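Here's the structure we're looking at; comments come further down.
The values are calculated or read from the model by the stated rules, or taken from the named source; none is laboratory data. Computed from a prediction, not measured in an experiment: that's the story for all the values here. Because the Cβ atoms are built from the backbone with ideal geometry, glycine has one as well, and the counts that use them run over all protein chains shown. The protein model used for the area step is the full one, side chains on, heavy atoms only, and it has no ligands, DNA or RNA in it. Shrake-Rupley method; radii C 1.70, N 1.55, O 1.52, S 1.80 Å.
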Amino acid sequence: MIVEAQVTINGSKAAIWAAITNIENASETISGIENIGVLEKPANGLIGLKWRETRMLFGEPAIVEKWITDAAENEFYKTRAESDGMVFLTTIRVSESSGGITLIEAHETKPQGIVARLKSLPMFLFKGVIRKALLQDLNDIKAAVEQE
């Protein structure tokens, strides 16, 4: 299942990139994140950055380890997380067009194995909830960038 959300931001591509790659302090920008703890930091660049993220989901703290698997500066980065037989892939992309700069986030959930596939069947019911959460994250980033 893939869920995508996007916002147009009134700011420079560099400012947006700085905001989305400041993962260590993401809990100060993104209201849905309770806590971030960096576990591994690459010598340079983003690929290999690994952190533990705590969010409140359905009134309960959800903790997941995420890491950056691919990136192109000022363009995009991809993350991966694994939990309960599921792989979660996220791409955050900065896109520039005549209409301004758009920040796009795509989240893909891939069940691994039969049990995870069965558990994932009702996930389509939560597609709207996931999209709303993505949009909230993007709007929090938009507010931070436009406030500067």
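Some observations on this one:
- All of (1) modelled with pLDDT under 95; (2) buried (at least 17 other Cβ atoms within 10 Å of the Cβ); (3) in a loop (DSSP other than H, G, I, E, B) hold for residue 3 with one exception: (3).
- Residue that is most open to solvent (accessible area, probe 1.4 Å), among those in the range 10-27 that are more than 17 Å from residue 91 (Cβ to Cβ) and touching a strand residue (DSSP E or B) at 6+ places or on another chain (Cβ under 9 Å): 10
- Tabulated pairs, the range 65-88, first among the β-branched types (Val, Ile, Thr), second open to solvent by 40 Å² or more (accessible area, probe 1.4 Å) and not in a strand (DSSP E or B), C-beta under 9 angstrom, 6+ apart or interchain: 68/45; 68/47; 69/47; 87/112
- Pairs are defined by a Cβ separation below 7 Å, a sequence spacing of at least 6 or placement on different chains, a first member in the range 96-110 that is over 19 Å from residue 83 (Cβ atoms) and outside any strand (DSSP E or B), and a second member that is at pLDDT 90 or above and open to solvent by 20 Å² or more (accessible area, probe 1.4 Å); the pairs so defined are 99/8.
- Test set (1) open to solvent by 40 Å² or more (accessible area, probe 1.4 Å); (2) part of a helix (DSSP H, G or I); (3) not hydrophobic (A, V, I, L, M, F, W, C) - residue 140 fails condition number: (1)
- Scanning the range 34-59 for residues that are of a type in the set (A, V, I, L, M) and touching a residue at least 24 places away in the same chain (Cβ under 8 Å) yields 39, 46, 47, 49, 56.
- The range 32-49 - residue that is closer than 19 Å to residue 135 by Cβ and open to solvent by less than 80 Å² (accessible area, probe 1.4 Å) and, of those, modelled with the highest pLDDT: 33
- Residues of the range 50-102 that turn out to be hydroxyl-bearing (Ser, Thr, Tyr) and open to solvent by 40 Å² or more (accessible area, probe 1.4 Å), as a count: 5
- Residue list for the range 56-81, restricted to those being over 14 Å from the mean Cα position of the chain (by Cα) and within 26 Å of residue 43 (Cβ to Cβ): 72, 73, 74, 75
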